[in-house]
C-alpha cells in the first residue's frame, strides 16, 4: 500500500494525514491484514466492502488506532496537575470530583491520575470522592487497560517510590498495576465521533493525542463541541503536546500554568 492509497483510506474514515504521517508504517500493516481477511485486491474494493459491512468498517477503524502512550507522559503536565490543578479542583469542584479520560487507550493516563490521587491522600489532603470515567472505541485497548499489564518501557517516567507502591513485577520486563489502583474506574466502550460523553458535567477532561491529532476538521468540530459542552464552567480540558483547539469560537482560554491546558469560561476569578 503506497501513501496515496493510504491517504484515500484515511479520507474515507474522516482521518487526517498529518496525524498518521510518522506512524503510517504500522497502521498500513494492520490495515493490510484487514484487507486480506476480506480478499480485497485494492483499496477501492476494500472501501466499497467497508461501506456495505459495518463490522468490517469497525475492524478497519480499530486497525487505524494508534495507542502510543506511557505513564506520566509529559512530566511537566503531571507536575502541574499535582501541585496546581488537582488541589484547585479539590477546593472548588465539589463532591464528587468528576474526571473523564476520553480515548484512554491502554489506561496509562487513567492510572497515572490514580497514582497522583493516592499521593495527595498520603500528603494528608482532604479529598472528595473521585468519579473517574475512561472511554475508548477499541475493545482490545479497554480490555488491556482493565487487565493493567505493562512493559517496563511504559514505566520509564515512574519514580522508584511509585513503582514500588503501585506496580507488581510479573516478569523481567513486565509489571501489573496494583489491585487497589484498579478499583473505582468506570470503563466504557465509546466512540468520540459518534457517541455522546459517558456522563456530565466533568471538572476535568483529558483529550490527549487522539481526536485533534488523527481526525479531520469536521469530525474534530463535532466531537470537540460535545466534549466542551460536558465540562462545567471553570473546568479544565487537557490536550496533547502538539494539539490545539481547531479554528473557531470555543469557550476556552489557555491556562497560564501549562500551554496545553484550557479552562472553560466563564470561570471564578478566585479559583487559582
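Please treat every number below as a calculation from the coordinates, not as lab data. Computed from a predicted model, the values in this text were never measured in an experiment. Cβ placement follows ideal geometry from the backbone for every residue including glycine, while neighbour counts extend to all protein chains displayed.
A few notes on this one:
- Per-residue [θ]222 nm for the chain (sum of -39500 (n - 2.57) over DSSP H runs n ≥ 4, rounded to 500): -11500 deg cm²/dmol
- Mean separation of Cα contacts under 8 Å, 6 or more apart, over the residue count of the chain: relative contact order %: 18
- The gain in end-to-end length when the residue 129 to residue 250 segment is fully stretched comes to 40.6 nm, 0.36 nm per residue minus the alpha carbon separation.
- Remark on the range 75-264: Rg and Dmax equal 16.2, 50 Å (Cα only).
- Length-normalised contact order of the range 1-154 in % [C-alpha pairs under 8 Å, at least 6 apart]: 21
- Nearest-ten-degree value, helix 217-229 long axis tilted from longest Cα axis of the chain: 30
- Backbone N atoms of the range 103-129 closer than 19 Å to the 7 Å Cα→Cβ label point of residue 149 belong to residues 105-109, 111.
- Label point 7 Å beyond Cα of residue 241 along Cβ direction - residues of the range 61-97 with amide nitrogen under 14 Å: 68-79
- If R0 equals 22 Å, the separation of the Cβ atoms of residue 156 and residue 23 corresponds to a calculated FRET efficiency of about 0.65.
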